[in-house]
1. Whether any residue in the stretch B:194-203 is farther than 24 Å from B:Leu5 by Cβ and not in a helix (DSSP H, G or I) is what I want to check.
2. Evaluate the following for B:Leu28: is it part of a helix (DSSP H, G or I) and either over 13 Å from the mean Cα position of the chain (by Cα) or not acidic (Asp, Glu) (or both)?
3. Any idea how many residues of the stretch B:110-134 are closer than 12 Å to B:Val201 by Cα and touching a residue at least 12 places away in the same chain (Cβ under 8 Å)?
4. Hey, any hits in the stretch B:67-83 for a residue that's closer than 18 Å to A:Ala70 by Cα and out of contact with any strand residue (DSSP E or B) (no Cβ under 6 Å at 6 or more places or on another chain)?
5. When A:Pro125 is evaluated against the numbered criteria (1) touching a Phe, Trp or Tyr at 6+ places or on another chain (Cβ under 6 Å); (2) within 20 Å of A:Ala74 (Cβ to Cβ); (3) part of a strand (DSSP E or B), which criterion, by number, is the only one it fails?
6. Are any of the residues in the stretch A:68-79 farther than 19 Å from B:Asp44 by Cβ and either within 14 Å of chain B (Cβ to nearest Cβ) or outside any helix (DSSP H, G or I) (or both)?
7. Would you check if A:Leu65 is touching a helix residue (DSSP H, G or I) at 6+ places or on another chain (Cβ under 7 Å) and either surrounded by fewer than 17 Cβ atoms within 10 Å (Cβ to Cβ) or within 14 Å of chain B (Cβ to nearest Cβ) (or both)?
8. Give me the pairs, please: first residue somewhere in the stretch A:23-35 and under 17 Å from A:Leu109 (Cα atoms), second residue anywhere and assigned to a loop (DSSP other than H, G, I, E, B), beta-carbon distance under 6 Å, and either six or more positions apart or on two chains.
Amino acid sequence: MAVSLTYKIIMQNHANSHQLVAKSQIMDWLQAVKDPEIPTISLIDLGVVRRVEQDEHTGKVTVELTPTFAGCPAMDYMKRDVERTLLAHGVPAVEVNISMREAWTSDMLTEAGRQALRQHKLSPPPVLGNQVLDLDFLEYAECPNCNGNNTELRTPFGATLCRAVHYCHDCRQLFEQFKPV
Amino acid sequence: MDPKLDLLYRLADDQLILGHRNSEWNGLGPILEEDIAFSSMAQDKLGHSLALYTLLHELGEAEPDTVAFTRNAPQFHCCQLVELPIGEYDFSLTRHFLFDHAELLRFEALATSSYEPLAQVARKLRGELKYHALHANTWMKRLGTATEEAIERMQNALNFTLPYALGIFEKTEAEAEIISSGLFIGEDELRSRWLESITKVLSQTALEVPDILALTPVAGGRYGQHTEHLQPLLDEMAEVFRLDPTADW
């Protein structure tokens, strides 16, 4: 009786360990999923992963993503990459939902994410806090080449929806900024 | 019509149709940056329409693609302003300025809508619309203070476009309920905020602002009455989709 009970518990633990993983482990795996257009930054550091949950019975992982810009064409790729990565790590089932429940703002970028943007020669957006985002504020950016502040907004629309184009009067180069929103 | 559906269809259809018009500048913009600007704003607006059609779908309406690509002109609730052809750049810029100021203020107000799913979407879109307003202001101020020809063209464009812009604020039968249920502040309140906002920018130019409230609005769009320009736009926009509506892209 005692032996069979112990056996049963061991078997249950085994079954659970097969399917249930710590949330921190899932987040580590997701660190490997990068923005399809900015290969230096992970979706976690970009701030677009808003929620990760695992069903304790089935082991299915549900991930909630939110777009940086509503018309972002990279969302389908992000969704696919999250699914593939988690399935490759043995998660039995994955569901990725796109939601605006918690609208993305550029303040959701982590410090590591800002560093990753600089690595890609993109000026990170200033941290807004609770301040009202007025139109003048959109015109400020720090040059990612020389760190200069003597810069000017050339156009709020760049190569992708999330980028604006600025000019640096110090090093006389055009550069791109990840827009504050 | 249910007030939520009534409001959402107007918002979504405006975005879709102006998004399509903006995309027509792709490859034709007067300078590269402007080509990219109108293409980017087109992409934003299509994204906004998708978010709004998705809300309609959650309320029981058909799939976003079905709603966008299978209706004909009389079933659209957009204002006539957004369906006019792109014309010359002076007109497209002026329409963009007048429309996007209204949109920015509209979505700022909707961010506190009693209908929480719409409020969530509005909180997202208003941040993006700030860039549209910023872009429009830059060009209104630049061209509205430039050469005699530029000022004259912008003035003519403004005079032509304003009556259509007033059509943005055309009310429907659901208006009273929309306001009383806290869905939205209402078109009259929006129009007065808009007037203040555009006047502030125009006063920094050499352009003369006519007595706007004395103009007769070009209305009808919210009730499915459209110019002869909308149906050809829809035919072109949906041409590929209608070849095979079941195709998996």
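The values are calculated or read from the model by the stated rules, or taken from the named source; none is laboratory data. These figures come from a predicted structure and were not determined experimentally. Neighbour counts are summed over all protein chains in view; Cβ atoms, including those assigned to glycine, are modelled from backbone coordinates with ideal geometry.
1. Within the stretch B:194-203, one or more residues are farther than 24 Å from B:Leu5 by Cβ and not in a helix (DSSP H, G or I).
2. Working: part of a helix (DSSP H, G or I): no; either over 13 Å from the mean Cα position of the chain (by Cα) or not acidic (Asp, Glu) (or both): yes.
No.
3. So the count comes out to 1.
4. Within the stretch B:67-83, one or more residues are closer than 18 Å to A:Ala70 by Cα and out of contact with any strand residue (DSSP E or B) (no Cβ under 6 Å at 6 or more places or on another chain).
5. Failed condition: (3).
6. Scanning the stretch A:68-79 turns up no residue that is farther than 19 Å from B:Asp44 by Cβ and either within 14 Å of chain B (Cβ to nearest Cβ) or outside any helix (DSSP H, G or I) (or both).
7. Against the criterion (touching a helix residue (DSSP H, G or I) at 6+ places or on another chain (Cβ under 7 Å) and either surrounded by fewer than 17 Cβ atoms within 10 Å (Cβ to Cβ) or within 14 Å of chain B (Cβ to nearest Cβ) (or both)), A:Leu65 qualifies.
8. A:Asp35/A:Ile41
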